[in-house]
Amino acid sequence: MEILAVLALAAALLALGLAVVALRRTAAPRGTGVDALPEDVHGLRQEVAALRSEGADALRHLAVVRYDAFGDMGGHLSWSVALLDTSGDGVVLTSIHGRSDSRTYAKSISGWSCEQQLSPEELEALEHARP
């Protein structure tokens with residue numbers, strides 16, 4: 001039952017991240033659209049540069065590492081997931097599954113590093129997420 005709750009939490013967080021990215025891509029201020037694009041090449045280059053800068057903070061790098069946190073348990077029910085943008089800012093989420101309970105942790109990542117100590121599995125997720 002706890003496993004389903006943890007998996008549901010992970011799926012909800014992933015869906016939330018994807019929804020934020022989708023909203024950023026579809027939300028446009030009034031007066032924009034195909035008719036509002038400049039006709040000259042310089043204007044188009046400015047539009048492309050603006051779109052690139054808007055997408056820079058999107059959660060684009062994702063990695064999941066599944067493992068057995070305790071030697072007497074199998075099934076790779078514990079996991080760490082890294083969710084980061086292009087500059088390496090984001091979060092690492094970890095869920096440790098035990099026989100009687102599960103614990104979930106979140107650690108903030110800034111510039112591909114963390115102020116808190118990362119576990120080997122969290123470091124692995126962070127390295128897999130790095131382009």
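FYI, it's all coordinate maths here, none of it is from the lab. Here the structure is a predicted model, which means the values were calculated and not measured. Neighbour counts are summed over all protein chains in view; Cβ atoms, including those assigned to glycine, are modelled from backbone coordinates with ideal geometry.
Within segment 95-122, being outside any loop (DSSP other than H, G, I, E, B) and more than 21 Å from residue 58 (Cα to Cα) holds for 95, 96, 97, 102, 103, 104, 105, 120, 121.
Output the residue which, of all residues in segment 89-109 that are among the hydroxyl-bearing types (Ser, Thr, Tyr) and surrounded by 13 or more Cβ atoms within 10 Å (Cβ to Cβ), is nearest to residue 125 (Cα to Cα).
Ranking the candidates gives 94 first.
The one condition from (1) under 14 Å from the mean Cα position of the chain (by Cα); (2) assigned to a strand (DSSP E or B) that residue 66 does not meet is (1).
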